[in-house]
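The values are calculated or read from the model by the stated rules, or taken from the named source; none is laboratory data. What you are looking at is a predicted structure, and each value in this text was computed from that prediction instead of being measured. Reconstructed Cβ throughout: ideal geometry from the backbone, glycine too, with neighbour counts over all protein chains shown.
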């Protein structure tokens, strides 16, 4: 089984809906009115509801999982560039940019709607898949 190597690229998409935002708030416990209350959010600097940054970052995890090998997420550096709103689709591109040795690679991560909303770098282990017996 091939392991992730420099140049490997994957993508994942996430349709951001109010239902997904509400569900993420329930699961995470982050019930900020910026995410859940349209009237409150409309009066904020954002002018309306926005998705949790970590909901968008969840799409990064999905893209990383599609890299070759058994992927173990070790770390992530994130910069939230723009808010994501209900009705937008986020597309994450994950590109292996550096072999760090010991089965570790550094991956550049970028999330976009109509413009870049998140950037960062992840470090993952890319291990051989364990074969299951019959």
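When residue 52 is tested against (1) out of contact with any helix residue (DSSP H, G or I) (no Cβ under 8 Å at 6 or more places or on another chain); (2) closer than 18 Å to residue 15 by Cα, exactly one condition is not met: (1). For residue 122, are the conditions met, namely being assigned to a strand (DSSP E or B) and surrounded by 19 or more Cβ atoms within 10 Å (Cβ to Cβ)? Here the answer is yes, as residue 122 does meet what is asked. Entry remark, region 12-31: residues being closer than 30 Å to residue 96 by Cα and surrounded by 15 or more Cβ atoms within 10 Å (Cβ to Cβ) number 6 in total. Scanning region 1-22 for residues that are closer than 23 Å to residue 109 by Cβ and part of a helix (DSSP H, G or I) yields a count of 2. Per the listing 34, 55, the residue uniquely buried (at least 17 other Cβ atoms within 10 Å of the Cβ), at pLDDT 95 or above, touching a strand residue (DSSP E or B) at 6+ places or on another chain (Cβ under 9 Å) and part of a helix (DSSP H, G or I) is 55. Counting residues in region 104-113 that are surrounded by fewer than 16 Cβ atoms within 10 Å (Cβ to Cβ) and either in contact with a helix residue (DSSP H, G or I) (Cβ under 7 Å, 6 or more places away or on another chain) or closer than 30 Å to residue 18 by Cα (or both) gives one or more. For region 66-102, enumerate the residues that are free of Cβ contacts under 8 Å to residues at least 40 places away in the same chain and not in a strand (DSSP E or B). Within region 66-102, 81, 82, 83, 102 qualify.
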